[in-house]
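The values are calculated or read from the model by the stated rules, or taken from the named source; none is laboratory data. This one's a predicted model, so the numbers in the text were calculated from it and none came from an experiment. So basically every Cβ, Gly included, is an ideal-geometry build from the backbone, and we count neighbours across all protein chains shown. Note: areas computed on protein heavy atoms with side chains; ligands, DNA, RNA excluded. Shrake-Rupley method; radii C 1.70, N 1.55, O 1.52, S 1.80 Å.
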Amino acid sequence: MKGDFSTERFNPSKHYNRVLKQQGRVELDSDWNEQAAISQYHLRTLIVDLLGRRGGPVDNCGFALADPAASGLKPAVGDFLIGAGRYYVDGLMVENGQATFFSQQPDLPPPVKLDAGKTYIAYLDVWERHITYLDDPAIREVALGGPDTCTRVKTMWQVKVVESGGGAAPAPVDLVKIEKQLKDARAKLEEAKAALEAERDRTKQAAIKKNIAKLEKQIADLEAKLAGANPIGPVAPDPAAMECGDLLPLLDWNSGTMTARLEPFGPAETPCVLPPESRYRGLENHLYRVEIHSSGDTADADQIPSFKWSRENGSVVASWLSTTGNDVRVGNSRDFAAGQWVEFTTEVNDFSGQPGPLTRITRIDGDILTVESAPAWPKDGVRPKVRRWDQSANDELTLVDGAIAISPGAGDQGFVAIEDGIEVQFADGKYRSGDYWLITARVATGAIDWPTDESGVWVAQPPRGVEHHYAPLFMVEASGKDPFVTLVKDCRCHFAPLPCL
């Protein structure tokens, strides 16, 4: 949630069930938000305990493969109709107000056309999106002059499809070729390990380590191919025999982790001088947001993930009104300054989970931001925005397209300085654009809010979000004839009202 928040305090392990307001006390946004989070946590947990992770009411179960003839609608080739109704996914209520075409969903994902002769599993992708007045102007109260007050959280849903594996059989596996590739990769790995032991230059060591990780991943993939190969030749699965749960492992996402800490100081140079403390050295309280910019896998040298950060939780944002050359007109240039990096996005980016381009501000004149390289004005973009980020290059850090490339480390290795004593370290793993972590920094204590173990060592954490929830809906076989898809299996779960059981 990229809002102007002081902190996020909700922690289910504390088992709080209410926030109690006391008379004459200062009101904090974090108390209000913690109460809302407690209530939502209890409600969603109750729904899952009663209904399971996925299900819909038997008399109004939504997201079925609807009959176009019954609704008087006619789909196009490669399209189908999604039925109206409600469904619950991990305790979140998802509602489709009226039957809608797959290609015309209200929060449309990147469109996909179904190919005739193939079998697909349709599934729900559900997540929560933070909404400000830039996304929905109706939030502002015009009677008060339209001030920026509270924001909202919206339950987003998209129906997506994944090919189930039906149709033509894949090409036979060439066992001889794979075994040769495996032998060559193992030999290169041994050479790389020997080179690492002999190398003393740290920059070259880092490059060799990346190559070793890439080779280890290649070897693992080749070994998996050999283990799953059928010498007789692969057989195409029968779509009707597949289970709806076969989809879920394809959607599992185990993101990499991040550790935040305060920069440790070494021992004092002389015995008579006490070493300085590890403290947050900033002059203001901040809620730092560290967010993945480009998706990637640290084991893949061709897809290195990157991150960006903001000391204001990414909340400094303005509407993007027009572009002339490299001059960008925004709704409000306050809190922007020359030298800062900004990201240009639209709802297309929000709906697809993809970042926008980053560029640097060179000059500000009124509400005109002059940038190094302005992106083209989005002809079909809805509610375009310009958002400020606070990373910057220095003698020890080089930015890649405005973001910081992730170089994983362990122990005391691989930490990247953010500012004022705060450092972050990423572990090996896969990272998805939009994954984020929050670090609360306070001047009064000189500390950051980040978990440690019993010995005081900072603990790696998975991202706080964005959390996606999935539910299989149905399996269909596509064809080139009206109605263009045929139902193979309904994957939805149904429940009846409790008094009727």
The range 356-427: Kirkwood hydrodynamic radius (Cα pairs, Å) comes out at 15.0
Relative to the present Cα-Cα distance, how much length would full extension add between Lys193 and Leu397 at 0.36 nm per residue of separation? 70.8 nm
Under a plain spin-label model, where a point goes 7 Å from the Cα along Cα-to-Cβ, how far apart in nm are Leu50 and Asp29? 3.3
Residue by residue through the range 117-122, the couplings from Karplus 6.51 cos²θ - 1.76 cosθ + 1.60 with θ = phi - 60°, in Hz, x for Gly and Pro, are x, 10, 10, 10, 10, 8
Contact order relative to length for the range 40-141, counting C-alpha pairs under 8 Å separated by 6 or more residues, stands in percent at 23
The value for the range 11-103 (convex hull of the alpha-carbon atoms, volume per residue, Å³) is 160
Which of the DSSP-defined H helices in the chain satisfy a minimum axial length of 15 Å, computed from C-alpha atoms, and a minimum mean Kyte-Doolittle hydropathy of -0.5? 29-51, 175-198
Which of the three applies to the range 58-190, rounded, prolate or oblate, going by the alpha-carbon gyration tensor with a ≥ b ≥ c and a/c under 1.5 meaning rounded? oblate
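Antiparallel as a % of all DSSP beta bridges within the chain, to the nearest 5?
Roughly 95 percent of the DSSP beta bridges within the chain come out antiparallel.
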Express in whole angstrom the spacing between the alpha-carbon centres of the range 93-149 and the range 276-342. 25
Under a no-solvent Debye model with one identical scatterer per Cα of the chain, what's log10 I(q)/I(0) at q = 0.10, 0.12 Å⁻¹? -1.03, -1.38
Using amide H atoms built 1.01 Å from N in the peptide plane, name the residues 5+ places from Ala299, or on other chains, whose amide H lies under 5 Å from its own. Gly429
Placing +1 at every Lys and Arg Cβ and -1 at every Asp and Glu Cβ, with all other atoms neutral, what dipole size does the chain have around its Cα centre, in debye to the nearest 20? 440
Rg over Rh, two decimals, the range 426-498 (C-alpha only, Kirkwood Rh): 1.29
Expressed as a whole-number percentage, the relative contact order of the range 289-447 with C-alpha contacts under 8 angstrom and at least six residues apart is 31
On the accessible surface of the chain, probed at 1.4 Å with all protein chains in place, carbon and sulfur together account for a percent value of 52
Inter-centroid distance (Cα atoms) of the range 426-449 relative to the range 1-35, Å: 19
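Starting from the range 298-373, pick out the GluC sites (Glu not before Pro) whose DSSP state is loop and whose Cβ has at most 16 other Cβ atoms within 10 Å.
Glu372
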Enter the accessible area per residue of the range 337-430 (Å², integer; probe 1.4 Å; all protein chains in place). 49
Euclidean distance between Cα centres, the range 186-209 to the range 373-416, Å: 29
Are there any trypsin sites (Lys or Arg not before Pro) in the range 1-74 that are in a DSSP loop and have at most 12 other Cβ atoms within 10 Å? List them by number. Arg18, Lys21, Arg25
Filtering trypsin sites (Lys or Arg not before Pro) in the range 340-413 by DSSP loop and by at most 13 other Cβ atoms within 10 Å leaves Lys379
